[in-house]
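Encoded as structure tokens, the structure appears first; notes follow it.
The values are calculated or read from the model by the stated rules, or taken from the named source; none is laboratory data. From a predicted model like this one, the values you see are computed outputs, not experimental measurements. A quick note on method: Cβ atoms are made from the backbone with ideal geometry, for glycine too, and the neighbour counts reach across all protein chains shown. Remember, those area values only see protein heavy atoms, side chains included, never the ligands or the DNA or RNA. Shrake-Rupley method; radii C 1.70, N 1.55, O 1.52, S 1.80 Å.
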Amino acid sequence: MRTFEPRKLRQTILRMARAGSTVHIACAFSIVELLAVLHRSHLNLGDRTPRAAGRDYLVLSKGHGVMAQYACMYELGWLADSDIESYFHDGTPLKGLADAHVPGIEVSSGSLGHGLSVGVGLALAAKRAGTGQRCFAVVGDGEMNEGANWEALLFAAHFRLSNLVVIVDANGFQAMGSTRDVMDLGDIADKLRAFGLETREADGHDEAALDAALTELTHLASDRPRALVAHTVKGKGVSFMEHDNRWHYTRLSADTYAAALAELQTCSSGERFA
């Protein structure tokens, strides 16, 4: 049975980042529990193949966090060890941003603010076709600076896309600084409510709280789109990465890789993620 255990997912992310000598580790770490709970308990994957008919859609609008999704796909058996070890190498399909050419990735998302719009389109198409498919769209709080997101939310509310669940990874940072300093959006949950979304908030690393919030949202007797603001920590799981925005663009050295891996290996499950 696949458990999508966060510590193991983070270990896989570290393997990829080290193999590809690449960046975006901290922003992948902040969504690990979110993706774990979605894959474990909420996503309908049909026959559990990457392009299954009738599957729910997972749109990673913050495509720079794709290593977290790849780690889940690895656990599903959709990616092999060779894919993990060749991440970001010449010729590999696994690039540093979400790419729809990879089976299991629904949307190419590197231009921030675009993925949610595509997700809204997927939700609208499923609604009109009566397939029962849902779309879970993961966006970053820094990404919410982009006006296209708010246009997409207005559209979703107008067309009563109750099969859309927008999940905001609210880790307080974006590439060039804190979200408050770059573009202070105030209370994102209040704004989502004002835009007509059924909105809840939760600790983005508390798997039980995330599961409860998503269960409540998806079972509401409401024709409105849904939103969950998940309050997260950028770099969660490795002490020297947490709340340190330098790890948006910092690459692992042999020493930092060993230190991060050792911390994850020696930490008992739940000790740092309670």
Residues satisfying the stated conditions in the range 99-129, i.e. more than 18 Å from the chain's Cα centre (by Cα), open to solvent by 40 Å² or more (accessible area, probe 1.4 Å) and among the hydrophobic types (A, V, I, L, M, F, W, C): 125, 129
Conditions (1) in contact (Cβ under 8 Å) with a residue 40 or more places away in the chain; (2) open to solvent by less than 10 Å² (accessible area, probe 1.4 Å); (3) under 21 Å from residue 116 (Cα atoms); (4) among the aliphatic types (A, V, I, L, M); number of the one not met by residue 192: (1)
Residues within the range 60-76 that are in contact with a Leu (Cβ under 7 Å, 6 or more places away or on another chain) and hydrophobic (A, V, I, L, M, F, W, C), tallied: 5
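I'm trying to understand the selection: among the residues of the range 228-241, which are open to solvent by 10 Å² or more (accessible area, probe 1.4 Å), part of a loop (DSSP other than H, G, I, E, B) and in contact (Cβ under 8 Å) with a residue 40 or more places away in the chain? So that I can check it myself, show each step before the final result.
Here is the first cut: in the range 228-241, the residues open to solvent by 10 Å² or more (accessible area, probe 1.4 Å) are 231-233, 236, 239-240.
Filter once more, keeping what is part of a loop (DSSP other than H, G, I, E, B): 232-233, 236, 239-240.
Answer for the range 228-241, where residues must be open to solvent by 10 Å² or more (accessible area, probe 1.4 Å), part of a loop (DSSP other than H, G, I, E, B) and in contact (Cβ under 8 Å) with a residue 40 or more places away in the chain: 232, 233, 236.
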Conditions (1) within 20 Å of residue 40 (Cα to Cα); (2) open to solvent by 70 Å² or more (accessible area, probe 1.4 Å); (3) assigned to a loop (DSSP other than H, G, I, E, B): number failed by residue 205: (2)
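Inside the range 163-179, can you point out the residues that are among the aliphatic types (A, V, I, L, M) and in a strand (DSSP E or B)? Before the answer, list the steps.
Filtering the range 163-179 for residues among the aliphatic types (A, V, I, L, M) gives 164-168, 170, 175-176.
164, 165, 166, 167, 168, 170 - these are the residues of the range 163-179 that are among the aliphatic types (A, V, I, L, M) and in a strand (DSSP E or B).
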